[in-house]
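Here the structure is laid out as structure tokens; the discussion comes afterwards.
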Amino acid sequence: MYLSPRHSEIIQMAKDNGRVLVDDLATHFNVTPQTIRKDLNDLCDQRLLSRVHGGALFPSGIENMEYEARRKIAADEKEAIGRAAARLIPDNASLFINIGTTTESVSKALLDHSGLMVITNNINVANRMRIYPSIEVVIAGGVVRGSDGGVVGEAAVDFIRQFKVDYAVIGASAIDHDGALLDFDFREVKVAQAIIANARHVILVSDQTKFERTAPVRIGHLSQVNTFITDRCDIPSVRKICQEAEVQLIETSLS
């Protein structure tokens, strides 16, 4: 398959960053947004990218994106989501923090809290928070996933089940329009399900790009969480689920 130099560079940029935006590409290549839209449409027709509003995603298929690429997607939005979640969690609380780049943003925003007990299966979270003497960090045992430092497997599930905490902070790789919360690794899903079952208040943190993705393994349903924090939710069916299930919906772009 022949690709022009610009198309090849667009593909590489999408692969490196997870997504590309029309306006950024127009500036980068010094061409009109209309030209970039045609480029993206051509690449999507060849199934090399997946078109979304304002740009395109590098297609994930059944594989998850590399950790660094995921971390770069909607980085500013994730920081705002992290701060909003941290405001809901008081000092002296116990909480789970699950695997994910957005949950890691929450852990970063919690560093000024005191008296926290944090149970996590995320090595990145544990490593960030362990140096703060006012925060007690407990890490699950199990298989460490080399791609992102997540601890998964039955040992991690059994460990999580020993606790009953005040809050849980969870993410998802994709959110279906019917409210299904989805992920890629069934071992990670088992841990997430144990976390949901053993927390008094479940906080789902996810930026709006997760509405544009899909994944094969079901974690649960949006109605199972207490609070859903995102940058923006433009999906009417998701908003309806939140309203009917009394899930608090917080949109950081509107605050």
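Simple point charges give the picture: +1 on the Cβ of Lys and Arg, -1 on the Cβ of Asp and Glu, and for the chain a dipole about the Cα centre of about 160 debye. Excluding same-chain neighbours fewer than eight residues apart, the lysines reachable from Lys78 by a Cα-Cα span under 28 Å are Lys15, Lys108, Lys164, Lys190, Lys210, Lys240. Every helix of 4 or more DSSP H residues in the chain counts as -39500 (n - 2.57), and over all residues that averages to -11000 deg cm²/dmol at 222 nm. Close amide-amide hydrogen proximity is noted between Ile219 and Leu181, Leu182, Asp183, each under 5 Å apart and 5 or more residues distant or on a separate chain (H modeled in the peptide plane; Pro and chain starts excluded).
Where [x] 33, 19, 18; [y] 29, 19, 18; [z] 53, 18, 11 are the candidate values, the label of the one calculated here for semi-axes √(5λ) of the Cα gyration tensor in Å is [x].
Rounded to the nearest 0.05, what FRET efficiency do Ala155 and Leu3 have when you use their Cβ-Cβ distance and R0 = 30 Å? That gives a FRET efficiency of 0.10. Give the separation of the Cα centroids, region 171-204 to region 85-148, in Å. Value for the Cα centre distance between the two parts: 17 Å.
What does the charge count around Asn92 come to, taking other residues whose C-beta lies under 15 Å from its C-beta (Lys +1, Arg +1, Asp -1, Glu -1)? Counting the neighbours of Asn92, the net charge comes to -3.
Name the residue, out of Arg47, Arg19, Arg200, whose mean-square fluctuation peaks in a Gaussian network model built on the chain with Cα pairs under 10 Å. Residue with maximal mean-square fluctuation among Arg47, Arg19, Arg200: Arg47. Can you give me the % of accessible surface on the chain that is carbon or sulfur? Probe 1.4 Å, all protein chains present, nothing else counted. The nonpolar share, carbon plus sulfur, comes to 49 percent. Charged neighbours of Ile123, selected by a Cβ distance under 11 Å, balance to +1 (K, R count +1; D, E count -1). Using the 1.4 Å probe convention, the accessible area of the chain works out to 47 Å² per residue with neighbouring protein chains retained. Working note: Karplus 6.51/-1.76/1.60 with θ = phi - 60° gives region 188-198 the couplings 5, 4, 4, 5, 4, 5, 5, 5, 4, 6, 10 Hz, where Gly and Pro are set to x. Computed from label points 7 Å out along Cα-Cβ, the spacing between Asp16 and His177 is 3.4 nm. Converting the Cα gyration tensor eigenvalues of region 5-58 into ellipsoid dimensions via √(5λ) gives semi-axes, longest first, of 14, 12, 10 Å. The Cβ shell under 13 Å around Val31 holds other residues with a net charge of -1, Lys and Arg each +1, Asp and Glu each -1.
The values are calculated or read from the model by the stated rules, or taken from the named source; none is laboratory data. Note that the structure is predicted; figures quoted are calculated from it, not measured. Reconstructed Cβ throughout: ideal geometry from the backbone, glycine too, with neighbour counts over all protein chains shown. With ligands, DNA and RNA removed, areas are computed over all heavy atoms of the protein, side chains included. Shrake-Rupley method; radii C 1.70, N 1.55, O 1.52, S 1.80 Å.
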